[in-house]
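The numbers here are math on the coordinates, done by the rules we state, and not lab data. As the structure is a prediction and not an experimental result, all values here were calculated from the model. Here the Cβ positions follow ideal geometry from the backbone for every residue, glycine too, while neighbour counts run over all protein chains shown.
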Amino acid sequence: MRETAENREKQAALLAEALPFMQAYENKTVVVKYGGHAMGNIELGRAFARDIALLKQSGINPIVVHGGGPQIGRMLDRMGIESRFEGGLRVTDAHTVEIVEMVLAGSINKEIVALINAEGEWAIGLCGKDGNMVFAEKARKTMRDPDSNIEKVIDLGFVGEPVEVDRTLLDLLARSEMIPVIAPVAPGRDGNTYNINADTFAGAIAGALRASRLLFLTDVPGVLDKDKNLIKELSVSEAKALIADGTISGGMIPKVETCIEAIERGVEGVVILNGKVLHAVLLELLTEHGAGTLIVP
Ligand SMILES: Nc1ncnc2c1ncn2[C@@H]1O[C@H](COP(=O)(O)OP(=O)(O)O)[C@@H](O)[C@H]1O
Ligand SMILES: CC(=O)N[C@@H](CCC(=O)OP(=O)(O)O)C(=O)O
């Protein structure tokens, strides 16, 4: 929100409405997945950082997991490397994984840390490697060949899936002034570095911590029905049916599948919402009406 008299008034009204909700979340963990598409411009970035700072100041334990798919794509473009995706995942060779780590754990991670710190907080930038937080294994994906109907293994290179999450460092930070900002890159026990889809990574962190809320900030208002209307609440079985009938497609499939897994692992509530709306996090968590699609068991 820009610093005008009108906006200051709006912010004060928002805070007054937020107070009872803040008390309900006190000491609870909220994992926020900040997608690359939601990182629209500096104004949105500042509003996001302000929301995260406000959660911490309210006694809530926010953890940011970020993506950066479009930003990786732009860097690969500059280097003359073409981006290729299979089932929504970036095919990642040895050279690409170096660039992925550089962009995610380097520039994007530090940009978000700096934005939160500019709000007077102590953010700390991490990836799965730090504090032995996450270990990954090479992702084993299969795809049915439409002609032969045979299930084929697709080699995505250094794409990983989180298989171990050690919460020691995150528990330590939760008791401190620090706000963790985590890039979805993790080592394997085989010594390789793996590129992990940021939604999957956020789901694994939220699941390991039994978070109260997992928020996915993306570039659409939430899950949309066939007529492009927002679905406010979706049960696990309804979500599976929408994937099966093709209403949910593309990047929304791994996102919704991650939501389902997170709920099955004990995350209390998962929401997909539009990160391009100013103060989306506060509006979702701290107002009566909420925003986006809430996935429920
Ligand atoms: N039913 C649906 N409702 C909303 N979005 C959908 C749906 N089906 C497919 N999508 C697509 O999923 C995209 C969000 O996934 P993705 O691009 O991976 O997001 P992010 O990069 O923010 O993680 C939307 O921009 C939209 O194009
Ligand atoms: C394996 C894989 O696809 N990794 C993603 C990691 C970043 C990501 O997920 O970013 P968004 O949330 O902005 O899409 C990638 O390389 O693009």
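Name the trypsin sites (Lys or Arg not before Pro) in the stretch 179-277 that are in a loop by DSSP and that have at most 16 other C-beta atoms within 10 Å, would you?
Details: sites: Arg189, Arg210, Arg213, Lys226, Lys228, Lys232, Lys240, Lys255, Arg265, Lys276; in loops: Arg189, Arg210, Lys226, Lys228, Lys232, Arg265, Lys276.
Qualifying residues, ordered by number: Arg189, Arg210, Lys226, Lys228, Lys232, Arg265.
So which GluC sites (Glu not before Pro) in the stretch 239-297 pass both tests, a DSSP loop state and at most 16 other Cβ atoms within 10 Å of the Cβ? Don't skip to the end; give the middle numbers.
Details: sites: Glu257, Glu261, Glu264, Glu268, Glu284, Glu288; in loops: Glu268, Glu288.
Of the GluC sites (Glu not before Pro), the ones in loops of the stretch 239-297 whose Cβ has at most 16 other Cβ atoms within 10 Å are Glu268, Glu288.
Please give the FRET efficiency for Arg78 paired with Lys228, using the beta carbon to beta carbon distance and R0 = 35 Å, rounded to the nearest 0.05.
So the FRET efficiency works out to roughly 0.55.
Calculate for the chain the 222 nm mean residue ellipticity that helices alone would give, adding -39,500 (n - 2.57) per DSSP H run of length 4 or more and normalising by residue count, nearest 500 deg cm²/dmol. Each step should come with its number before you reach the end.
Numbers: 10 runs with 111 residues, N = 297.
The helix contribution divided over the chain gives -11500 deg cm²/dmol.
To the nearest 0.05, how large is the calculated FRET efficiency for Glu137 and Glu17 if R₀ is 41 Å and r is the Cβ-Cβ distance? Could you put the intermediate results ahead of the total?
On the way: r = 45 Å, r/R0 = 1.09.
Efficiency at R0 = 41 Å is approximately 0.40.
What list of ³J(HN,Hα) couplings, whole Hz, do you get for the stretch 71-87 from phi and the Karplus terms 6.51, -1.76, 1.60, once you set θ to phi - 60° and write x for glycine and proline?
Result, ordered by residue: 5, 5, x, 5, 5, 4, 4, 4, 8, x, 10, 7, 7, 10, 10, 10, x Hz.
Among the listed pairs Lys33/Lys56; Lys33/Lys276; Lys33/Lys240; Lys33/Lys255, which are separated by more than 18 Å between their Cα atoms? List each step's numbers first, then the result.
Numbers: Lys33/Lys56 16 Å; Lys33/Lys276 13 Å; Lys33/Lys240 22 Å; Lys33/Lys255 10 Å.
Over 18 Å apart, Cα to Cα: Lys33/Lys240.
Tell me, in nm to one decimal, what length is gained between Asp155 and Glu238 on full extension, where the rule is 0.36 nm per residue of separation less the Cα-Cα distance?
The Asp155-Glu238 span can extend by a further 26.8 nm.
Between the stretch 258-297 and the stretch 123-171, how many Å separate their Cα centres?
23
Whole-Hz Karplus ³J(HN,Hα) for the stretch 169-184, in order, using 6.51 cos²θ - 1.76 cosθ + 1.60 and θ = phi - 60°, x for Gly and Pro?
So the J values, rounded to whole Hz, are 5, 5, 5, 4, 5, 4, 8, 10, 7, 7, 10, x, 10, 10, 8, x.
Can you list which of the trypsin sites (Lys or Arg not before Pro) found in the stretch 142-188 are DSSP loop residues with at most 10 other C-beta atoms within 10 Å?
Arg175
Identify all aspartates and glutamates with a Cα-Cα distance to Lys141 below 15 Å; exclude those on the same chain that are fewer than 8 residues away in sequence.
Glu86, Glu151, Asp155, Glu161, Glu257
Springs between alpha-carbon pairs under 10 angstrom, Gaussian network model over the chain: which of Thr96, Thr168, Thr200 fluctuates most?
Highest fluctuation among the options: Thr168.
Let's test the formula: R0 of 35 Å, r as the Cβ-Cβ distance of His95 and Ser148. What FRET efficiency results, to the nearest 0.05?
Numbers: r = 32 Å, r/R0 = 0.91.
The value I calculate is 0.65.
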